[in-house]
Amino acid sequence: LLFASSSDFGWLPTIKANVFVANHDRDRSGYLSYKPPSERYALAHVFSLAYPYGTPTIFSGYSFSNNDDGAPNGNYGTCNDNGSGASGWQCQRHRWTAIAGMVSF
């Protein structure tokens, strides 16, 4: 059942689906957070990268102090080669060992 056809569940065809664990709204909910302990967050990404459905997206996001904060730097993120971000952007999540390992898999 794990690898049943996406149409069996009423899902979009895999070619049209974008699969993600977090976005700018979900990142703030607290249930599935990148903040420690983040085992569920990393595991959810590993699953989405391993499961043969859709195009996976990894959201690195930005720092915020309240749930109404918008993206810093006019919504333009900047990530450096060393994984650091500029102006409040967090670029390290896609470099976590579990996530990076699945991307390279």
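Pop out the ³J(HN,Hα) list for segment 9-20 in order, Karplus 6.51 cos²θ - 1.76 cosθ + 1.60 with θ = phi - 60°, rounded to Hz; leave Gly and Pro as x.
9, x, 7, 4, x, 3, 5, 9, 9, 10, 9, 9
Kindly report the accessible area of segment 36-101 per residue (heavy atoms of protein chains, probe 1.4 Å, no ligands, DNA or RNA), in Å².
60 Å²
The values are calculated or read from the model by the stated rules, or taken from the named source; none is laboratory data. These figures come from a predicted structure and were not determined experimentally. Only protein heavy atoms, including side chains, enter the accessible area calculation; ligands, DNA and RNA are left aside. Shrake-Rupley method; radii C 1.70, N 1.55, O 1.52, S 1.80 Å.
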